[in-house]
Amino acid sequence: MQVLDTVGWVGDGDDTDFFLAIERTFDLRLRSNLPWTTFGEVRDHVVAHVAAYSGGGTTCATQMTFYRLRRALGLGRHVGPDAPLAPLIGGKLRQAFSDLEADTDLKMPATRAGWLGIVSGLCFAVAVAILAFTTLAPPLRIFAAGASAYAGLWLRHLDRRRLPRRCDTIGDLARLVTEQNRGRLARDGARLTAPEIWRIIQQLAAEESGIDPDLIGSETTFFRAKVRAA
């Protein structure tokens, strides 16, 4: 499969989102004036960072995460990765994930809105529409928009949230948490090799670009304009 010369980003925030994902995943801070043009340069920087700040660990990162989650949930060794997650978490998902973050020192994946959360979003949309498009008198318009927004806040507070997609077991949660905390786990002794780092960078870039990650090579550039100017 032939790799792309460029992913063709236009600088409207797509590159910023990518670098924020790099920082979050590998637990590092990037300067805003780094003179990078290719994904290979990002890889080399992350590999050097991991080599400098990790202990060269050999432990499987997902296994390490699973043990932390199991311990934080107060579960015994008889509970394996295939155990259904919902009964272990309980009904208060938002609070449960917050507690897990505090107990494991790992960032949890975002939960999904339940039905009340979806209706809450619609209420906020209605509030904006009332302010922008209705011909009601100003006092009545403000009152109607405020009432809709308040209902949205109330429903959001009542929303029980849902587990992330593809997160049915404690093993699924361990995998998702691992993907978001690679750098932090490496510092704690988890294995993170250069090929694994490159695979993650390809995946993050592909998610931002909507392309196959295998099409991104080390010489693939961010911006098409920079290729023309070379």
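The values are calculated or read from the model by the stated rules, or taken from the named source; none is laboratory data. Everything quoted here is computed from the prediction, not taken from an experiment. Cβ: placed from backbone, ideal geometry, glycine included. Neighbour counts: every protein chain shown. Please note that ligands, DNA and RNA were not included when accessible areas were found on the heavy atoms of the full protein model with its side chains. Shrake-Rupley method; radii C 1.70, N 1.55, O 1.52, S 1.80 Å.
Using 0.36 nm per residue, how much length does the chain from D12 to T37 gain when fully extended, once their Cα-Cα distance is taken away?
Working: separation 25, 0.36 × 25 = 9.00 nm, distance 1.61 nm.
Difference between extended and current length: 7.4 nm.
Entry for segment 114-176 at q = 0.16, 0.19 Å⁻¹: log10 I(q)/I(0) = -0.60, -0.70, Debye formula applied to identical alpha-carbon scatterers, no solvent contribution.
Sequence-ordered 3J(HN,Hα) estimates for segment 184-197 from the Karplus curve with 6.51, -1.76 and 1.60 and θ = phi - 60° stand at 5, 5, 4, 5, 8, x, 7, 6, 8, 8, 4, x, 5, 4 Hz, glycine and proline given as x.
Report the equivalent ellipsoid semi-axes for segment 94-202 in whole Å, largest first, defined as the square roots of five times the eigenvalues of the gyration tensor built from alpha carbon atoms.
Numbers: eigenvalues 346, 50, 27 Å².
After diagonalising the Cα gyration tensor, the semi-axes are 42, 16, 12 Å.
Extents of the chain, taken as max minus min of Cα coordinates on every principal axis and listed largest first, are 62, 59, 32 Å. Backbone amide hydrogens, once placed in the peptide plane, bring T221 within less than 5 Å of T6, V7, excluding anything fewer than 5 places away on its chain.
Between the residues F26, H49, T135, the greatest Cα displacement towards the positive end of the dipole of the chain, with unit charges on the Cβ of Lys, Arg, Asp and Glu, is found for T135.
When the Gaussian network model of the chain links Cα atoms closer than 10 Å, the mean-square fluctuations of Y67, Y53, Y150 top out at Y150.
Here the Karplus curve 6.51 cos²θ - 1.76 cosθ + 1.60, taken at θ = phi - 60°, turns the phi angles of segment 8-22 into couplings of x, 5, 10, x, 9, x, 5, 5, 5, 4, 5, 5, 5, 5, 4 Hz, with x standing for Gly and Pro. Calculated accessible area for the chain comes out at 58 Å² per residue, all protein chains present (probe 1.4 Å; ligands, DNA, RNA ignored). Between the amide H of T169 and those of L85, distances stay under 5 Å, these residues lying 5 or more places away or on another chain, with hydrogens modeled in the peptide plane.
So how do R166, R187, R43 rank on accessible area, 1.4 Å probe, biggest first, that is with the largest at the start? Display every interim value, and only then the final one.
Working: R166 170, R187 110, R43 65 Å².
Greatest to least solvent exposure: R166, R187, R43.
Taking the Cα centre of segment 85-230 as origin and assigning +1 to Lys and Arg Cβ atoms and -1 to Asp and Glu Cβ atoms, the resulting dipole is close to 360 debye.
Taking the Cβ-Cβ separation of A52 and A125 as r and a Förster radius of 45 Å, what is the calculated FRET efficiency to the nearest 0.05? The value I calculate is 0.45.
If R0 is taken as 41 Å, the Cβ-Cβ distance between Q63 and T135 corresponds to a FRET efficiency of 0.10. If only the Cβ of Lys and Arg carry +1 and only the Cβ of Asp and Glu carry -1, the dipole of segment 28-153 around its Cα centre is close to 140 debye. Residues in segment 36-50 carry Karplus couplings, in order, of 8, 10, 10, 6, x, 5, 5, 4, 4, 5, 5, 4, 5, 5, 5 Hz; the curve used is 6.51 cos²θ - 1.76 cosθ + 1.60 with θ = phi - 60°, and Gly or Pro positions show x.
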